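Below is one structure, written out as structure tokens, with a few remarks after it.
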Amino acid sequence: MENGRRSSGKEERSGLKSSFAAGVAALVFLIIGYQSALFIHKASVLKILGNKDAPDTVFVIDRTLAERILKPLPAERLETMRKTLQGKDVYVVKKESPHSPQARAVREKATPKSVENFRFDPNTVAVPDLVRLGFTERQAAAIDNYRKKGGVFRRKSDFAESFVVADSVYARLEPYIDIPLLDLNLADSAAFDRLPGIGGYFAARMVEFRRLLGGSYSYKEQLMDIWRFDREKFDALSDLVAVGDGNVRPYPLWTLPADSLKLHPYIGSYAARGIVIYRENNPRSAWTVEALAEAGVLKPEMAAKLSRCRILSP
């Protein structure tokens with residue numbers, strides 16, 4: 001009986017050893033198989049990378065030709081393309097040949113991406129340039145789809161809130177984001193409509209008020225002279241708009257007839273007649289907004305606003 005138990009114990013230990021040995025062997029074969037798969041995959045990738053569908057074309061051009069055909073590129077990009085060849089500055093332009101989707105996908109995945117920093121407007125930057133900035137093609141396409149659907153990045157913070165813009169990426173790109181301010185004298189009603197808190201009604205009023213001012217705003221605070229356009233509404237967009245000096249049309253205060261002057265928001269019918277009478281009875285050297293206020297032609301508050309406007313010299 002005792003011999004039987006000893007024999008049974010030996011058989012169990014022998015069976016465990018056999019199972020363990022089989023497990024180890026299976027693990028070894030699994031590791032070898034995994035390493036072989038990695039080797040085959042790497043070899044395949046290297047094969048695709050080494051055997052392109054067609055060779056790319058490289059052009060070497062001089063400075064004059066480069067500036068003419070590459071002018072749309074940012075200056076920083078042009079600088080990176082400039083090389084010195086035999087003591088002469090040249091620009092190296094690479095034109096990629098079309099490749100199969102499979103080869104392109106493998107190359108893009110296997111090739112480390114070079115990230116660039118350059119000034120850009122997230123509302124207009126091209127998809128390839130978004131990729132150059134460090135976004136994946138899918139992320140760049142998502143940003144472009146947002147814009148195509150009417151999305152607008154009004155402020156830098158709007159771009160930061162995009163779901164495809166990681167905090168680390170935004171921190172790197174924030175100094176290079178350049179969103180132009182909306183010029184009050186160049187914008188149409190559609191552009192005004194896209195401003196926060198405006199809508200169709202106030203967009204139309206902003207265009208109409210610009211017309212009554214003589215065709216242009218002289219300073220952006222004039223928006224608050226539009227009926228029901230209060231300080232809260234102005235503060236919500238004041239950092240998004242500007243009045244460019246080159247786009248202000250001086251108001252011809254000293255030549256317009258009374259029926260035209262009365263349309264100006266700071267003049268009106270009574271003051272319009274008074275301005276004409278004042279011009280008829282005073283020398284040109286006395287034609288100033290301050291003089292009109294002193295003569296009682298303009299109310300003090302209206303004179304203060306009109307004095308901030310760009311007035312055509314007498």
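Looking at the range 227-243, I want the residues that are more than 21 Å from L212 (Cβ to Cβ) and have a partner that is part of a loop (DSSP other than H, G, I, E, B) with Cβ atoms under 7 Å, at least 6 apart or on another chain. Which pairs are those?
If the second residue must be part of a loop (DSSP other than H, G, I, E, B), the pairs left are A236/P196; A236/G197; L240/R154; L240/L181; L240/L195.
Give the range 266-288 a look and list any residue that's among the acidic types (D, E) and touching a Ser or Thr at 6+ places or on another chain (Cβ under 9 Å), or say none.
Matches in the range 266-288: none.
Is there a residue in the range 269-284 that is under 18 Å from L195 (Cβ atoms), at pLDDT 95 or above and touching a helix residue (DSSP H, G or I) at 6+ places or on another chain (Cβ under 9 Å)?
no
What number of residues within the range 124-166 satisfy the criterion of being surrounded by fewer than 15 Cβ atoms within 10 Å (Cβ to Cβ), of a type in the set (S, T, N, Q) and either closer than 18 Å to L195 by Cβ or in contact (Cβ under 8 Å) with a residue 24 or more places away in the chain (or both)?
Selection size over the range 124-166: 2.
Among the residues of the range 270-314, how many are touching a residue at least 60 places away in the same chain (Cβ under 8 Å) and part of a helix (DSSP H, G or I)?
1
Let's see how each residue does on (1) under 26 Å from K262 (Cβ atoms); (2) assigned to a loop (DSSP other than H, G, I, E, B):
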residue: E174; (1), (2): no, no
residue: I179; (1), (2): no, yes
residue: A187; (1), (2): no, yes
residue: P196; (1), (2): no, yes
residue: R205; (1), (2): yes, no
residue: F209; (1), (2): yes, no
residue: Y217; (1), (2): yes, yes
residue: R228; (1), (2): yes, yes
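Return only the number of the condition from (1) within 24 Å of V152 (Cβ to Cβ); (2) surrounded by 14 or more Cβ atoms within 10 Å (Cβ to Cβ) that S218 does not satisfy.
Against the list (1) within 24 Å of V152 (Cβ to Cβ); (2) surrounded by 14 or more Cβ atoms within 10 Å (Cβ to Cβ), S218 comes up short only on (1).
Could you tell me which numbered condition S260 fails, if it satisfies all but one of (1) within 25 Å of R205 (Cα to Cα); (2) buried (at least 16 other Cβ atoms within 10 Å of the Cβ)?
(2)
The values are calculated or read from the model by the stated rules, or taken from the named source; none is laboratory data. Just so it is clear, the model here is predicted, and its values are computed rather than measured. Cβ: placed from backbone, ideal geometry, glycine included. Neighbour counts: every protein chain shown.
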